[in-house]
Amino acid sequence: MHALLHKRDSRAATLWLGTIWFLPILGPILYLALGVNRIRRRAILLGVHKTIIRSIPEHLGESQFSDVQHLEMLARVVGRVVSQPLTPGNRVRPLINGDEAFPAMLVAIESATKSISLFTYICDNDASGKQFADALARAARREVAVRVLIDAAGTRYSWPPITRKLKHSQIPVAKFLPASLLTPWRVTTLNLRNHRKILVVDGETAFTGGINIRHGNVLADKPKSPIRDLHFRVEGPVVIQLQEAFATDWTFTTGEMIEGGIWFPELKECGNIVARVITDGPDTDFETVRWALLAALAEAHTSVQILTPYFLPDNALVTALNLAAMRGVRVDIILPEKNNLPYVHWASRAMWWQVLQRGCRIWLTPPPFDHFKLMIVDCHWVLFGSANWDARSLRLNFELNVESYGRDFADGMVKIIENKLRNAREVTLAEVDGRSYPAKLRDSIARLFSPYL
């Protein structure tokens, strides 16, 4: 009955009905673990989203849209999807890999005088993770208010988990959705992840993007499994929205409210970027990033540049990409040639023909694994953050992205894309069609599981 009433996709509903019917014991358990969204009800019950909303002046600024009037419609569409307003006067600086991001984040933590809020999907108990734990411990000894939140699944990437070291240093730390097979009363959250990355220092300076805290991101040290990634330092009024996102997750997890001047100081404009945080997750923010992607593709006039490690778009996104290309928009999709998850690469490759045959272009970047997440439309609108182009990010995960409007910032992001393309190779439809029969079969089987990858 629940599957019939709540599954939007008739194919998914049919699959779940068959699973439940033909596997009388295992089927319902699987549905509870993978098919039921319980977070939405619990979040509304707590009233978190209503209690932490602050008013920020909203105005677009005519100069921002003087040469791209059509993107003002994009701003309006996203404004109808999300609860946050656009904020003018922000400054954003890209940080390439952990080589640039980690030192900048650690300097900010060392300079903190009032508060530090840190959320990350993964914080390994390695050289980089220990650096952050030690810096946070020093801040706590300076009587800085510190709160650390890590996704429960993310803590299992290293052993022993970094949470032990943080607790030993008397740092308030919590795990987001600590579900496991040993806790059957939490089985409905077993398939959910909080993939957000947020660091806010003194309520004034923030860091967000796609970088997890693990030493593999520091390429200068030549780690065993190197990862290229992108993070951002953010200043200005939009930092309040990043802090609100952390506060919402912290309150949901611990019940403690994050409020007051040490967390939410008054912020002044300090740059020329108009920006807004887009939170996404299986709660009241369901599919907000997906709607933003669809709106951006619909409004594109000249170019769309997509940089993502995992490319498993649903039918609506595939259609939107193809329509953009058929209108004459240049659509470039840049993916890693060697993925850290081979089965995701197989499933993705089974879908490439769907966009290649309508004029989209796919490029593969050489190793090491490229974890960059970036989208640019018409060299003006930029979307960056934690979300990937797959069902897990767009339907199951809690994600956080930032949309920004501004020619100067976008030009800098375009240069990052251009640098990627210099070393990338283009994939042709003939190459995809020319795969061996076993490879096609393997890729097609992997694609069947794309909603869960």
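The values are calculated or read from the model by the stated rules, or taken from the named source; none is laboratory data. Because the structure is a prediction, the values reported are computed rather than measured. All Cβ positions, glycine included, derive from the backbone under ideal geometry; neighbour counts span all protein chains shown. Ligands, DNA and RNA are stripped out before the accessible areas are found, and what is left, the full protein with its side chains, is counted by its heavy atoms. Shrake-Rupley method; radii C 1.70, N 1.55, O 1.52, S 1.80 Å.
Overview of values
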item: Residue identified as under 26 Å from Asn272 (Cα atoms), surrounded by fewer than 20 Cβ atoms within 10 Å (Cβ to Cβ) and not aromatic (Phe, Trp, Tyr) among Glu403, Glu431, Glu418, Glu399; result: Glu418
item: Qualifying position, being under 20 Å from Pro94 (Cβ atoms) and acidic (Asp, Glu), among Asp378, Asp390; result: Asp378
item: Selection within the stretch 305-330 - more than 24 Å from Leu448 (Cα to Cα), hydrophobic (A, V, I, L, M, F, W, C) and surrounded by fewer than 24 Cβ atoms within 10 Å (Cβ to Cβ); result: Leu323, Ala325, Met326, Val329
item: Residue that is nearest to the chain's Cα centre (by Cα) [pool: residues in the stretch 2-52 that are hydroxyl-bearing (Ser, Thr, Tyr) and either open to solvent by 60 Å² or more (accessible area, probe 1.4 Å) or at pLDDT 80 or above (or both)]; result: Thr51
item: Output for the stretch 335-379, where each listed residue is basic (Lys, Arg), over 17 Å from Ala300 (Cβ atoms) and either open to solvent by 20 Å² or more (accessible area, probe 1.4 Å) or not in a loop (DSSP other than H, G, I, E, B) (or both); result: Lys338, Arg349
item: Pair list, Cβ under 7 Å, 6 or more apart: the stretch 148-177 residue closer than 12 Å to Tyr121 by Cα and of a type outside the set (A, V, I, L, M, F, W, C), other residue open to solvent by 40 Å² or more (accessible area, probe 1.4 Å) and part of a loop (DSSP other than H, G, I, E, B); result: Asp151/Arg193
item: Selection count where residues are part of a loop (DSSP other than H, G, I, E, B) and over 24 Å from Gly385 (Cβ atoms), scope the stretch 127-156; result: 3
item: Residues located in the stretch 109-126, provided they are open to solvent by less than 10 Å² (accessible area, probe 1.4 Å), closer than 22 Å to Gly236 by Cβ and outside any strand (DSSP E or B); result: Ile109, Ala112
item: Flag for Pro265 being touching a helix residue (DSSP H, G or I) at 6+ places or on another chain (Cβ under 7 Å) and in a loop (DSSP other than H, G, I, E, B); result: no
item: The stretch 74-101 - residue that is out of contact with any helix residue (DSSP H, G or I) (no Cβ under 6 Å at 6 or more places or on another chain) and in a helix (DSSP H, G or I) and, of those, most open to solvent (accessible area, probe 1.4 Å); result: Arg80
item: Leu182 vs. criteria in contact with a Leu (Cβ under 7 Å, 6 or more places away or on another chain), in a loop (DSSP other than H, G, I, E, B), of a type outside the set (Val, Ile, Thr) and at pLDDT below 95; result: no
item: Among the residues listed as Val414, Val402, Val382, the single one being among the hydrophobic types (A, V, I, L, M, F, W, C), within 21 Å of Glu299 (Cα to Cα), touching a Ser or Thr at 6+ places or on another chain (Cβ under 6 Å) and not in a loop (DSSP other than H, G, I, E, B); result: Val382
item: Unique match (being within 18 Å of Tyr157 (Cα to Cα), modelled with pLDDT of 95 or more and in contact with a strand residue (DSSP E or B) (Cβ under 7 Å, 6 or more places away or on another chain)) among Gly216, Gly236, Gly209; result: Gly216
item: Tally of residues being among the charged types (D, E, K, R), assigned to a loop (DSSP other than H, G, I, E, B), farther than 19 Å from Thr308 by Cα and out of contact with any Leu (no Cβ under 7 Å at 6 or more places or on another chain) across the stretch 193-251; result: 4
item: Residue list for the stretch 233-262, restricted to those being more than 13 Å from Ile278 (Cα to Cα) and polar (S, T, N, Q); result: Thr248, Thr251, Thr253, Thr254
item: Unmet requirement for His301, which otherwise passes all of (1) over 23 Å from the mean Cα position of the chain (by Cα); (2) in a helix (DSSP H, G or I); (3) more than 26 Å from Gly129 (Cβ to Cβ); result: (2)
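Rundown of residues vs (1) touching a residue at least 12 places away in the same chain (Cβ under 8 Å); (2) farther than 26 Å from Pro178 by Cβ; (3) open to solvent by 40 Å² or more (accessible area, probe 1.4 Å), yes/no style:
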| position | (1), (2), (3) |
| --- | --- |
| Phe246 | yes, no, no |
| Asp249 | yes, no, no |
| Met257 | yes, no, yes |
| Ile262 | yes, yes, yes |
| Lys268 | yes, yes, yes |
| Pro282 | yes, no, no |
